[in-house]
Amino acid sequence: MSLGLKPSLFSLFFQTRSLLSVFEEDAGTLTDYTNQLLQAMQRVYGAQNEMCLATQQLSKQLLAYEKQNFALGKGDEEVISTLHYFSKVVDELNLLHTELTKQLADTMVLPIIQFREKDLTEVSTLKDLFGLASNEHDLSMAKYSRLPKKKENEKVKSEVAKEVAEARRKQHLSSLQYYCALNALQYRKRIAMMEPMLGYAQGQINFFKKGAEMFTKRMDSFLSTTRAMVQSIQEESEAEVEKMRLAQQELLSVDESVYTPDFDVAAPAINRNLIQKAGYLNLRNKTGLVTTTWERLYFFTQGGNLMCQPRGAVAGGLIQDLDNCSVMAVDCEDRRYCFQITTPTGKSGITLQAESKKENEEWICAINNISRQIYLTDNPEAVAIKLNQTALQAVTPITSFGKKPDTTRSSQNRKHSGLENDKMVPNTPAKVPDADQLIVPGTPIQFDIVLPATEFLDQNRGGRRTNPFGESADEKQPNEDSDSLLQQMFVVRFLGSMAVKTDGTSEVIYEAMRQVLAARAIHNIFRTTESHLMVTSKTLRLIDPQTQVTRASFELTSVTQFAAHQENKRLVGFVVRVPESAGEESLSTYVFESNTEGEKICYAISLGKDIIEAQKDPEALAQLMLSMPLTNDGKFVLLNDQPDGEDGNSNENKGAESEA
């Protein structure tokens, strides 16, 4: 069985590492068995007076080959069947009780001694050389990993990188020699097991007439078949050796840049659709209150788990459950390419360092994909590609939206007197209330809207989703957008939400914005969750841009106040009135940062409320629809810069852009 060397370095190292411990275990088992077999043969050679006992032991040892449980047993069926037959022959020859010492020494004991001293010793020596080369490579990589990123010395970096490349080349050469020896040993062990027995059987036939009379006729055919099998194995071994020699030449002819870490730092080719990843990383370990050490280990993903396999271990162990975890790049102790995995509860997990920018980005993307539990779907690769494409489209700002002149003012003028609390700009100046009158001091702030990965799975499996804001999902929600006269989508980032005391003035929104931004600055909270805010004539919905799962939904009638920041035009907020179980009502303010002007969102909400009121009176609804441009399917077109009389294709494109 071959290690399966291929020109691809990544597949070569990944497959070789997985099989190396198995080959080494097999070589150790073979060494033990060879020593036992040699002891049995030496007993036959040296104990002429105990011939019966010695041949009995040999027969038993031949049968024991089948029970050795070799990790690599492919191709041993012929050997086992042949040894079984030889065991029967030995039992019959045990009746002769004679032996020719010289014949046995030359044809039985010598080949197995040569196999042990030459082949097995060579494997042991190459293993030691490979270990030394691996240690040198680890030392050079540790030295390279300690290079500072703030004050980078190009000369020192070049010398260290050259040292790493040389160490890798040395390790590569020693590993190839070691692997070839392990591969060749699989053929030599079969030959070495059968050659001594051929000599033993042939010596018995030649020197004992009675043995020749008893066994010659039936043994000739068997021995010829066995010789042909040995010759076939020898030819197969030579062909495999030549194949490995050519593979070595091809692998060693690659460009030197392959051995240099981070050689493509300017424009690395990053695969962001990985659902599994393997390679060496540096793991940070705390050795005290403020001191840390870094250990270079081999990591790989298996399902939803991050595994680590120390050197010399047969299998890897669990390091971190990646389901629902988050990962981000971090600055850590003047080291480059570090990232940290955070548990679903928000607790900081392990910190790892990759050897290059490409590896760093691919590890982060792979862990992000795994944390969404994509690996549980029927076609995880296609799902990963689709989600990443959706994410890239979702974060693209919409730049073609325009604001019609005096649209906000005219929309507010159409509102009924019962919606005075929903006005974005008061008609008359009012005294600004104190902050304590708007928000209770010490009110907690929620900084994130977290979408559980189970919601993504429920969506793919047809399960029912649970709203993180405590609202029940509407079973008819998929048809809501198609029935709505208004559909407007905005790309927003959730900044925070908090309970408020009143919704009678837009000042409560400005105060909530101030407190949310101040709290983020104080607590160094800079990460935001991006969503699509869908404004319809019925609801406000926050939609995950990657999974299209609704994170939160608010009835438009429950939105009692909304406003954009007077200075930072991209900040927008709204107040929601939610009924409580005891018959009371609670007020909460939600603050967002938009890719477009906040006034456009306020305009869309205002129009949605106008539509709700107009739907109560068919004549008012008809008048409203006549006063606003519509798409081809009868829905309102918002924030369109083009006049009503322009080309229909332009209006159609604008309408499609403003719909979800």
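The values are calculated or read from the model by the stated rules, or taken from the named source; none is laboratory data. Given the structure is predicted, the values throughout are model-derived calculations rather than measurements. Positions of Cβ are backbone-derived with ideal geometry, glycine not excepted, and every protein chain shown enters the neighbour counts. The accessibility values were calculated without ligands, DNA or RNA, using every heavy atom of the protein model including side chains. Shrake-Rupley method; radii C 1.70, N 1.55, O 1.52, S 1.80 Å.
Contact annotation: no residue pair with Cβ atoms under 7 Å, 6 or more positions apart or on different chains, pairs a residue in region 249-267 that is farther than 13 Å from LEU173 by Cβ with a partner that is open to solvent by 100 Å² or more (accessible area, probe 1.4 Å) and of a type in the set (Gly, Ala, Ser). Being in contact (Cβ under 8 Å) with a residue 60 or more places away in the chain, assigned to a helix (DSSP H, G or I), open to solvent by 20 Å² or more (accessible area, probe 1.4 Å) and among the hydroxyl-bearing types (Ser, Thr, Tyr) is a property that THR107 has. Quick one: count up the residues across region 246-260 that are loosely packed, with under 15 Cβ neighbours inside 10 Å, under 30 Å from SER158 (Cα atoms) and not small (Gly, Ala, Ser). Here the count works out to 7. Looking only at residues of region 115-130 that are without any contact (Cβ under 8 Å) to a residue 24 or more places away in the chain and more than 29 Å from GLU295 (Cα to Cα), we find that the one that is least open to solvent (accessible area, probe 1.4 Å) is THR121. Being at pLDDT below 80, under 22 Å from ARG245 (Cα atoms), assigned to a helix (DSSP H, G or I) and open to solvent by less than 60 Å² (accessible area, probe 1.4 Å): is that true of SER2 here? When the stated conditions are applied, SER2 does not pass them.
Of all positions in region 387-403, none carries a residue that is modelled with pLDDT of 70 or more and within 30 Å of LYS143 (Cβ to Cβ). Of all residue pairs spaced 6 or more apart or on separate chains, those with beta-carbon atoms under 6 Å, a first member in region 170-195 that is within 30 Å of LEU139 (Cα to Cα) and open to solvent by 20 Å² or more (accessible area, probe 1.4 Å) and a second member that is outside any helix (DSSP H, G or I) and among the hydrophobic types (A, V, I, L, M, F, W, C) are TYR179/LEU3.
Scanning region 82-104 for residues that are open to solvent by less than 30 Å² (accessible area, probe 1.4 Å) and among the hydroxyl-bearing types (Ser, Thr, Tyr) gives THR82, SER87.
If you go through region 535-552 and pick out every residue that is among the aliphatic types (A, V, I, L, M) and surrounded by fewer than 23 Cβ atoms within 10 Å (Cβ to Cβ), you end up with 3. So, in region 553-584, of the ones that are hydrophobic (A, V, I, L, M, F, W, C) and outside any strand (DSSP E or B), which residue ends up most open to solvent (accessible area, probe 1.4 Å)? Out of the qualifying residues, it is ALA582. The residues of region 285-322 that are under 16 Å from CYS365 (Cα atoms) and part of a loop (DSSP other than H, G, I, E, B), listed by number, are GLY303, GLY304, LEU322. Of the residues in region 45-64, not one is of a type outside the set (A, V, I, L, M, F, W, C), surrounded by 16 or more Cβ atoms within 10 Å (Cβ to Cβ) and not in a helix (DSSP H, G or I).
For the criterion of being closer than 19 Å to ASP448 by Cβ, modelled with pLDDT under 90 and among the hydroxyl-bearing types (Ser, Thr, Tyr), SER553 passes.
Report yes if some residue within region 261-280 is in a helix (DSSP H, G or I), open to solvent by less than 40 Å² (accessible area, probe 1.4 Å) and not small (Gly, Ala, Ser); otherwise report no. For region 261-280, residues in a helix (DSSP H, G or I), open to solvent by less than 40 Å² (accessible area, probe 1.4 Å) and not small (Gly, Ala, Ser): absent.
Yes/no matrix, rows are residues, columns are (1) of a type outside the set (Lys, Arg); (2) out of contact with any Phe, Trp or Tyr (no Cβ under 8 Å at 6 or more places or on another chain); (3) at pLDDT below 85:
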{"position": "LEU95", "(1), (2), (3)": "yes, yes, yes"}
{"position": "ILE112", "(1), (2), (3)": "yes, yes, no"}
{"position": "LEU120", "(1), (2), (3)": "yes, yes, no"}
{"position": "SER124", "(1), (2), (3)": "yes, yes, no"}
{"position": "ASP128", "(1), (2), (3)": "yes, yes, no"}
{"position": "LYS150", "(1), (2), (3)": "no, yes, yes"}
{"position": "ALA184", "(1), (2), (3)": "yes, yes, no"}
{"position": "ARG190", "(1), (2), (3)": "no, yes, no"}
{"position": "PRO196", "(1), (2), (3)": "yes, yes, no"}
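Residues in region 269-292 that are out of contact with any helix residue (DSSP H, G or I) (no Cβ under 9 Å at 6 or more places or on another chain) and of a type in the set (A, V, I, L, M, F, W, C): LEU283, LEU289, VAL290. Return yes or no: is VAL241 in a helix (DSSP H, G or I) and not aromatic (Phe, Trp, Tyr)? Here the answer is yes, as VAL241 does meet what is asked.
Just checking, does region 365-373 include any residue being open to solvent by 30 Å² or more (accessible area, probe 1.4 Å), β-branched (Val, Ile, Thr), closer than 26 Å to ALA269 by Cβ and touching a strand residue (DSSP E or B) at 6+ places or on another chain (Cβ under 7 Å)? No, region 365-373 contains no residue that is open to solvent by 30 Å² or more (accessible area, probe 1.4 Å), β-branched (Val, Ile, Thr), closer than 26 Å to ALA269 by Cβ and touching a strand residue (DSSP E or B) at 6+ places or on another chain (Cβ under 7 Å).
In region 218-245, what residues are over 21 Å from MET194 (Cα atoms) and open to solvent by 90 Å² or more (accessible area, probe 1.4 Å)? Result: LYS243, ARG245.
For the residues SER588, SER627, the requirement of being surrounded by fewer than 21 Cβ atoms within 10 Å (Cβ to Cβ) and modelled with pLDDT of 85 or more singles out SER588.
Cβ separations smaller than 6 Å between residues 6+ apart or across chains give the following pairs from region 292-321 residues that are under 18 Å from PRO344 (Cα atoms) and open to solvent by less than 40 Å² (accessible area, probe 1.4 Å) to residues that are acidic (Asp, Glu) and not in a strand (DSSP E or B): GLY304/ASP323.
Going by the structure shown, is ARG336 in a strand (DSSP E or B) and in contact (Cβ under 8 Å) with a residue 40 or more places away in the chain? Here the answer is yes, as ARG336 does meet what is asked. When you scan region 131-146, do you find a residue that is touching a strand residue (DSSP E or B) at 6+ places or on another chain (Cβ under 7 Å), surrounded by 15 or more Cβ atoms within 10 Å (Cβ to Cβ) and among the polar types (S, T, N, Q), even just one? Yes, region 131-146 contains at least one residue that is touching a strand residue (DSSP E or B) at 6+ places or on another chain (Cβ under 7 Å), surrounded by 15 or more Cβ atoms within 10 Å (Cβ to Cβ) and among the polar types (S, T, N, Q).
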